[in-house]
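To start, the structure under review is shown below, and the notes come after it.
The values are calculated or read from the model by the stated rules, or taken from the named source; none is laboratory data. This one's a predicted model, so the numbers in the text were calculated from it and none came from an experiment. All Cβ positions, even for glycine, are placed from backbone atoms using ideal geometry, and neighbour counts span all protein chains on display.
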Amino acid sequence: MLPDSVLSEVHLTEADFLKVSQLVYDHCGINLHDGKKELVRARLAKRLRKGNFKTFSDYIDYVLRDSSGVEFSLLIDSLSTNLTSFYRENQHFDFLKSNLLPELKKKKEAKGSRKIRAWSAGCSSGEEPYTLAITLLDALEYETDWDVKVLASDISTTILDKAKTGIYEAKRVDPVPAALRHKYMKISHQYGEKYYQVGEKLKSTVIFRYVNLMADWPIGGPIDFIFCRNVMIYFDKPTQQRLVERFYNILDTGGMLFTGHSESLTGINHKFKYVRPTIYAKL
C-alpha cells in the first residue's frame, strides 16, 4: 500500500480528469466540472493507495480493463456525495403529514385502495427513507390495514449496505423526537458507545435497491410521491430535463416531487404544477 506522503505528490493530469469526468457522466449523469478536480484527486487517491497504483492513469486503465465492473463501482462510490440526516429540510415532512397525506388517503379510499408507494431517490445512508417511513406509519398509526412501502435507492453500493443495517450513532438520531425513537428504534451499545437501530416495522417498510437514475429503472408504478433532494444539483440541465420527465411519467396523477432547497425546476421544460418552493405536483 502506497504511503500518504507519496500519494500527496501524485498529480491528476487534465487528461486523466477529463477521462474520469466523461466516464462518470456517461454512466450516471454526474457533472464533474473543473471545480471538482481536487475532490476527484482526493477521493480517488484512496483507491490508488488501496491498489498500489503509482499514477492516476494506471488506475484508470485498470478500471477500464476490469471486466467484473467491481472497481468501476468502487470508483463511483468514491465520487458520490453522501450528506444526509434525519428530518433534513423538515418542512417537507411537515407538508407530507399535514397536506399531502390527508388528500392522498381520500383519493385512495375513493378508489378502494389502501396502498401508498413512495420513492427516496438518492437515499444515501438511509436517514431520509427511514424518516419518510416514520412519518407515514405514525400518521396511519390507528389504521393498520394500509400497505405502505418506501423504495430507497442509491448509486453507491457501499452506502446502501450501510443503510440496510439501520444502525446510527446516537447523535445522528437526535433530530428524531424522543417518542418516535422509542416507538420505532432500539438502543444498542457497541464498544461503549450508544447507537440506535431501526426496528422491524421500519425495516419492513423501506426497500433498498441499487438504482442508476440514468439507466432503466427496476420500478413499476405509479408512485405517490418522490423525494429526490440534493441530487439534481450534480447534473447538467439536459440531464435534469430527462430525469424530471421520467419522474413525471412514473408518478400517479396528483403525485408530488420534492426537490432539495438549492434546487428548482426553473429553466427546465416540465408539466409539473408549482405548489411551493421545492414541491411540485402532477395534475
task = Please find, within region 94-118, the residue that is surrounded by the most Cβ atoms within 10 Å (Cβ to Cβ) out of those that are in contact with a strand residue (DSSP E or B) (Cβ under 7 Å, 6 or more places away or on another chain) and farther than 15 Å from GLU143 by Cα.
result = ALA118
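Kindly check whether there is at least one residue in region 148-157 that is within 22 Å of the chain's Cα centre (by Cα), surrounded by 12 or more Cβ atoms within 10 Å (Cβ to Cβ), over 20 Å from ASP252 (Cα atoms) and at pLDDT 95 or above.
Taking region 148-157 first, the residues within 22 Å of the chain's Cα centre (by Cα) are 148-157.
Those left that are additionally surrounded by 12 or more Cβ atoms within 10 Å (Cβ to Cβ): 148-157.
Next, only the ones that are over 20 Å from ASP252 (Cα atoms) stay: 154-157.
Within this subset, residues satisfying the condition of being at pLDDT 95 or above are none.
So far as region 148-157 goes, no, none of its residues is within 22 Å of the chain's Cα centre (by Cα), surrounded by 12 or more Cβ atoms within 10 Å (Cβ to Cβ), over 20 Å from ASP252 (Cα atoms) and at pLDDT 95 or above.
Within region 109-122, can one find any residue that is within 21 Å of the chain's Cα centre (by Cα) and on the phi > 0 side of the Ramachandran plot? Reasoning before the result, please.
Within region 109-122, the first condition is being within 21 Å of the chain's Cα centre (by Cα), and the residues that meet it are 116-122.
From what's left, on the phi > 0 side of the Ramachandran plot: 122.
Yes, the conditions are met somewhere in region 109-122.
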message = I need the full set of residues from region 11-63 which are in contact (Cβ under 8 Å) with a residue 40 or more places away in the chain, surrounded by 15 or more Cβ atoms within 10 Å (Cβ to Cβ) and charged (D, E, K, R), in order please.
response = ASP16, LYS19, ARG49
note = Within region 220-231, the residues that are farther than 20 Å from LYS115 by Cβ and either without any contact (Cβ under 8 Å) to a residue 12 or more places away in the chain or part of a strand (DSSP E or B) (or both) are CYS228
query = Just for region 166-198: of the residues that are free of Cβ contacts under 8 Å to residues at least 24 places away in the same chain and part of a helix (DSSP H, G or I), which one is nearest to SER120 (Cα to Cα)?
reply = ARG181
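Could you count how many residues in region 122-150 are assigned to a strand (DSSP E or B) and over 25 Å from LEU213 (Cα atoms)?
Within region 122-150, the subset assigned to a strand (DSSP E or B) is 147-150.
Keeping just the survivors that are over 25 Å from LEU213 (Cα atoms) gives 147.
Going through region 122-150 one residue at a time, the tally reaches 1.
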Failed criterion for SER204 (all others in (1) polar (S, T, N, Q); (2) surrounded by fewer than 13 Cβ atoms within 10 Å (Cβ to Cβ); (3) not in a helix (DSSP H, G or I) hold) = (3)
key: Subset of region 219-258 (residues that are within 26 Å of LYS107 (Cβ to Cβ) and surrounded by fewer than 19 Cβ atoms within 10 Å (Cβ to Cβ))   = ILE219, GLY220, GLY221, PRO222, GLU245, ARG246, TYR248, ASN249, ILE250, ASP252, THR253, GLY254
query = Are there any pairs, at least 6 apart or on different chains, whose C-beta atoms fall under 7 Å, with the first in region 199-219 and closer than 21 Å to ILE30 by Cα and the second surrounded by fewer than 17 Cβ atoms within 10 Å (Cβ to Cβ) and of a type in the set (Val, Ile, Thr), and if so, which?
reply = TYR210/THR157
query = Can you name the residue in region 119-147 that is closer than 21 Å to GLY221 by Cα and hydroxyl-bearing (Ser, Thr, Tyr) and is also surrounded by the most Cβ atoms within 10 Å (Cβ to Cβ) among such residues?
reply = SER120
task = Residues being surrounded by fewer than 16 Cβ atoms within 10 Å (Cβ to Cβ) and either among the β-branched types (Val, Ile, Thr) or over 21 Å from the mean Cα position of the chain (by Cα) (or both): count how many of those fall in region 172-189.
result = 8
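With respect to ARG88, is the statement that it is in contact with an Asp or Glu (Cβ under 8 Å, 6 or more places away or on another chain), touching a residue at least 24 places away in the same chain (Cβ under 8 Å) and closer than 16 Å to THR158 by Cβ true? Outline the logic, then answer.
Details: in contact with an Asp or Glu (Cβ under 8 Å, 6 or more places away or on another chain): yes; touching a residue at least 24 places away in the same chain (Cβ under 8 Å): yes; closer than 16 Å to THR158 by Cβ: no.
No; evaluated as a whole, the condition is false for this residue.
Got a sec? Which of SER153, SER73, SER85, SER113 is part of a strand (DSSP E or B) and not aromatic (Phe, Trp, Tyr)? If you could, list the steps in order and put the result at the bottom.
Values: SER73 fails: part of a strand (DSSP E or B); SER85 fails: part of a strand (DSSP E or B); SER113 fails: part of a strand (DSSP E or B).
Just a single option satisfies the conditions, and that option is SER153.
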